1. Mind listing whichever residues of region A:299-320 are crowded, with 16+ Cβ neighbours inside 10 Å and under 13 Å from residue A:252 (Cα atoms)?
2. Under the condition of being surrounded by fewer than 18 Cβ atoms within 10 Å (Cβ to Cβ) and free of Cβ contacts under 8 Å to residues at least 40 places away in the same chain, which residue from region A:158-173 is farthest from residue A:233 (Cα to Cα)?
3. Which ranges mark the helices (runs of 4 or more DSSP H) fully within region B:1-80 that have 2 or more residues being buried (at least 19 other Cβ atoms within 10 Å of the Cβ), at the interface with chain A (Cβ under 10 Å from one of its Cβ atoms) and in contact with a strand residue (DSSP E or B) (Cβ under 6 Å, 6 or more places away or on another chain)?
4. Does region A:250-257 include one or more residues that are at the interface with chain B (Cβ under 8 Å from one of its Cβ atoms) and over 20 Å from residue B:116 (Cβ atoms)?
5. Kindly indicate whether residue A:289 is over 25 Å from residue A:172 (Cβ atoms) and outside any loop (DSSP other than H, G, I, E, B).
6. Looking at A:39, A:62, A:66, A:82 in this structure, which one is under 12 Å from the mean Cα position of the chain (by Cα) and in contact (Cβ under 8 Å) with a residue 40 or more places away in the chain?
7. Among the residues of region B:87-98, is there at least one that is at positive phi and either at pLDDT 95 or above or over 15 Å from the mean Cα position of the chain (by Cα) (or both)?
8. Can you name the number of the only condition in (1) within 8 Å of chain A (Cβ to nearest Cβ); (2) crowded, with 16+ Cβ neighbours inside 10 Å; (3) not in a helix (DSSP H, G or I) that residue B:122 fails?
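The values are calculated or read from the model by the stated rules, or taken from the named source; none is laboratory data. Only a predicted model underlies this, so the values are computations on that prediction, with no experimental measurement involved. Using ideal geometry, Cβ is built from the backbone for each residue, glycine included, and neighbour counts are taken over all protein chains shown.
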């Protein structure tokens, strides 16, 4: 909950200030992130388009590489935003209110970056519309039995749902900002607010619509990452063909998404000066959630190893052996250190309520989670059944650059967002404050 | 254009009291405009029936049927037998059905919200910018000067900080 001493008007002032007052630091960060996007993402992608997908290190038998690892990572990161926001809305959690807007934005931009990673991965993105079912002169239709088509449908639905969820929750805030801005900003907010006034009927409709959307979005978010896991688990590749994969991916997604929220909250709190709105309570609660997710994630990892080992099939053995002790073995143990051991620090309340250690831990967790996604792809495909079909995968410079560039793209989108969308929900933070009481009147005012 | 009496209050409880008093005095559905949703407003102004749930339900139902029809219909229109699987394979098609159920449910909910809340507003409606910050307004349509005066008196006696006459539709 926000600091209880602030007034309604101060919340409006703070949020409007965060939109219209822009310092040098912001422009410098924006310039750097745009530069990173162009040099590390756009440039290498054009290079790959010009010279072919061979510019990436993917080759038989490892035909999936860091592009797909990044895709899973970004889809995963998107999970806590909308999902957490919807679950906390349905359970009436007050502490959600100061942070959910940015968390939802994180979802939206992560999904966009994830969709871009698919474009990069497919090699010939100008044919990507073939995945859309539309009548055509060849009378061909997509194969809906393929997990890749599940993906297309799930991600389209998730992106649409996330855009609508964040937009609908922001309409009252667009109206509040509309009244305080001038020029092009004012025109933009007039359009975005749809003429919202805050009448009893409008609040009632918003409440119901938002609740129904939350109810629809929770199972959707769970289904999206399950479906992403089936891209792998519905194959017959050892170490990928696992029944545990869907919950493993969903838990991993919520885990890395929550860590992402901690990072974003820290940055917003510090650089947008929201110290009195985003408090220790938020970090404490997010820390508890992270701890639970980390334990769950560790448990699922142990189950994955155990079932692979217990199967006593040589190909599973080999895949596990390669993952734990092969070329990428050190990365596996780094992942265990970052995602299973380091988060145990969250048992301490003092740690959970310390901002800088929480920031460091959240980044460490996401490095570990990126590693996890990389290992899923890079240690399973090179060890399939017959040794003469084995191979090795090392990402090329183009792939590494595009991975770095995807972070630049996400940062750019987020920086643009914080100047257009009120990054704190005005009306919901106001709801957490004590209700205004009538002023005592000396005269009743009656005629 | 219609004239409306609008009283500004600094507390939701006073605004609710004024809205109740106006309703009791025979005014048609006073409108409360506020920066936050007010709890307990249904007890004063009556419970609002929302059509949104119907939109959500039928949207989702349509999506479910359309989703299965899309997957099964296109599979029949372009026969492509793979892996010894049936052409109309139920488990994978249920996933498409599920996703389209949710997609159409979401889109229909938005449509229900837009229609139910009468947005977007194309005409000038009663509004004062203070209600987006920290004031609570109660407004009522007054057809003639006599009713305007009565509304004015009721708002005043309920503790309105300020009373204005505003043009625009409710």
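1. A:300, A:301
2. Among those that are surrounded by fewer than 18 Cβ atoms within 10 Å (Cβ to Cβ) and free of Cβ contacts under 8 Å to residues at least 40 places away in the same chain, it is A:167.
3. Here the list reads B:12-24.
4. No, because not a single residue in region A:250-257 is at the interface with chain B (Cβ under 8 Å from one of its Cβ atoms) and over 20 Å from residue B:116 (Cβ atoms).
5. Working: over 25 Å from residue A:172 (Cβ atoms): yes; outside any loop (DSSP other than H, G, I, E, B): yes.
Criteria met by residue A:289.
6. Values: A:39 fails: under 12 Å from the mean Cα position of the chain (by Cα); A:62 fails: under 12 Å from the mean Cα position of the chain (by Cα); A:66 fails: under 12 Å from the mean Cα position of the chain (by Cα).
Exactly one of A:39, A:62, A:66, A:82 is under 12 Å from the mean Cα position of the chain (by Cα) and in contact (Cβ under 8 Å) with a residue 40 or more places away in the chain, namely A:82.
7. Looking only at region B:87-98, we keep the residues that are at positive phi, and these are none.
No; the residues of region B:87-98 include none that is at positive phi and either at pLDDT 95 or above or over 15 Å from the mean Cα position of the chain (by Cα) (or both).
8. Among (1) within 8 Å of chain A (Cβ to nearest Cβ); (2) crowded, with 16+ Cβ neighbours inside 10 Å; (3) not in a helix (DSSP H, G or I), the lone unmet condition for residue B:122 is (2).
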